[in-house]
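The values are calculated or read from the model by the stated rules, or taken from the named source; none is laboratory data. Model, not experiment: these values are computed from the prediction. In this analysis, Cβ positions are derived from the backbone assuming ideal geometry, glycine residues included, and neighbour counts consider all displayed protein chains.
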Ligand SMILES: [Cu+2]
């Protein structure tokens, strides 16, 4: 009897988790061509404005690089992104921020004596993963229900034995 009840509860929780996982996966998949974060960055002698950009892991990012003076580049160390722009033009790049962490941005065109100072940061914040928490909650619920059922069985048995 106890085994059947526990098995049924386990089955329900597993099915629930499977459904939750599927719906989460559907939500996190961005539609093709959809841009989550767009930035327009001005490069000049000798900085980027803004220098620091922050996104969430998995964001589809679009960056438009502009310059009002000489040629500059915008390179993310560790992301294989490198765009270059000449005076008065705009160059764009789109990519998915799939790696979490803080990455150095550098100018990839020697633009003058203070070129090494043309730098910034690309911050990719890790998206919270709720799946492990859901599994832990499921296991805890099963354990609690099992203990409850066992305790009540023992209580009834004890009562019945006393009555004899
Ligand atoms: Cu430069």
(request) Tell me which residues, restricted to segment 72-107, are part of a loop (DSSP other than H, G, I, E, B) and either buried (at least 16 other Cβ atoms within 10 Å of the Cβ) or more than 14 Å from the ligand (Cβ to nearest atom) (or both). (result) 77, 78, 79, 80, 88, 89, 97, 98, 99, 100, 107
(request) Filter segment 48-69 down to residues that are surrounded by fewer than 16 Cβ atoms within 10 Å (Cβ to Cβ) and within 16 Å of the ligand (Cβ to nearest atom) and give me whichever is nearest to residue 91 (Cα to Cα). (result) 68
(request) Confirm whether residue 31 is within 16 Å of the ligand (Cβ to nearest atom) and modelled with pLDDT under 95. (result) no
(message) When the residues of segment 111-126 are narrowed to those that are surrounded by 13 or more Cβ atoms within 10 Å (Cβ to Cβ) and assigned to a loop (DSSP other than H, G, I, E, B), which ends up farthest from the ligand (Cβ to nearest atom)?
(response) 112
(message) What's the total number of residues in segment 148-164 that are surrounded by 12 or more Cβ atoms within 10 Å (Cβ to Cβ) and out of contact with any helix residue (DSSP H, G or I) (no Cβ under 6 Å at 6 or more places or on another chain)?
(response) 2
(request) Kindly indicate which of 139, 145 is in contact with a helix residue (DSSP H, G or I) (Cβ under 7 Å, 6 or more places away or on another chain), away from the ligand (no atom under 16 Å from the Cβ) and in a helix (DSSP H, G or I). (result) 145
